[in-house]
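The values are calculated or read from the model by the stated rules, or taken from the named source; none is laboratory data. This structure is a prediction, so every number in the text was calculated from the model and none was measured. Virtual Cβ from ideal backbone geometry, glycine too; neighbours counted across all protein chains shown.
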Amino acid sequence: MSYKNEFIEIYTQNIKREGSVELLEWLQKTDFFTTPASSKFHCACEQGLVMHSLSVYKTLMAKHFDEERDNRESFVICALLHDLCKAQFYKVSFRNVKNEETGAWEKKPFYAVDDQFPYGHGEKSVFLIERFMRLKTSEAMAIRWHMGGFDEAARGGSFAISQAYEKYPLAVKLHLADLESTYLAEKNTSVVH
C-alpha cells in the first residue's frame, strides 16, 4: 500500500468530524503527499511529509495512546495533520556541487523553503485545519506546540509552551512522538545532505 493510500485509509476510518471530508479533498489538491518533511534533515525526499506523518501516528498510538482515557480521533488528527504547514512550503532548486571523483561541478537538486504563507509552524497547521474542521482546544494546543523547544516562540523565551504542556497531556505526547519519529525512526531517510 502506498503512503498516500495508508494515510487516507487511517484518516477516513478514524476522523468523522464535520469538515473532515472537505479537508481531505483540499489536502489532495496540495503537494502534501509528494513533498518532503524537511529541506535536509529527516525525510528530505519525495513523499517525506506523508512518511513522517504516518511515522508520528504509529509512534503516538503505540507508545502514548491509552484506549480507556484518550480520544482516538484526537490522536489521529494530531498525528496526521501536525505538519500540515509544510504543504506548499518547499520547492526543488539546484546548486552546484563538486564531484569528488571527477573534480567537475554538477548541478544537484535540493529542497528550498518557499513559504507562501509565513504564519509560523504549529500555528499555521492549526489555522489551515480550522479552515475546514474545528479542533478541540487540546488538539489545537498539541499541534501548535508539537515542536517543543525548537519552536521560535519557545526559543524566544515564551513560557506559554510550559503552560500548554502542563494543561494538555496530548501536547506532550505529540511532541514526544514527533521527536522520536524525527530523530530515531526516520534516521537516514533524507536523499539531500
- Which condition does G103 not pass, out of (1) assigned to a loop (DSSP other than H, G, I, E, B); (2) at pLDDT 90 or above, if it passes all the others? (2)
- Message: From the list E100, E25, exactly one residue is of a type in the set (D, E) and within 16 Å of R131 (Cα to Cα). Which is it?
- Response: E25
- Message: Can you confirm whether A62 is closer than 18 Å to K124 by Cα, out of contact with any His (no Cβ under 8 Å at 6 or more places or on another chain), among the hydrophobic types (A, V, I, L, M, F, W, C) and not in a loop (DSSP other than H, G, I, E, B)?
- Response: no
- Task: Give the number of residues within region 132-171 that are within 30 Å of V21 (Cβ to Cβ) and either free of Cβ contacts under 8 Å to residues at least 60 places away in the same chain or surrounded by 17 or more Cβ atoms within 10 Å (Cβ to Cβ) (or both).
- Result: 19
- Message: Just the residues that are at pLDDT 95 or above and either among the charged types (D, E, K, R) or surrounded by fewer than 13 Cβ atoms within 10 Å (Cβ to Cβ) (or both), please, taken from region 70-100.
- Response: D70, R72, E73, D83
- Select from region 7-18 the residues that are surrounded by 15 or more Cβ atoms within 10 Å (Cβ to Cβ) and not aliphatic (A, V, I, L, M) and write down the one among them that is nearest to D178 (Cα to Cα). F7
- Message: When you scan region 30-40, do you find a residue that is of a type in the set (F, W, Y) and either farther than 18 Å from I129 by Cα or not in a loop (DSSP other than H, G, I, E, B) (or both), even just one?
- Response: no
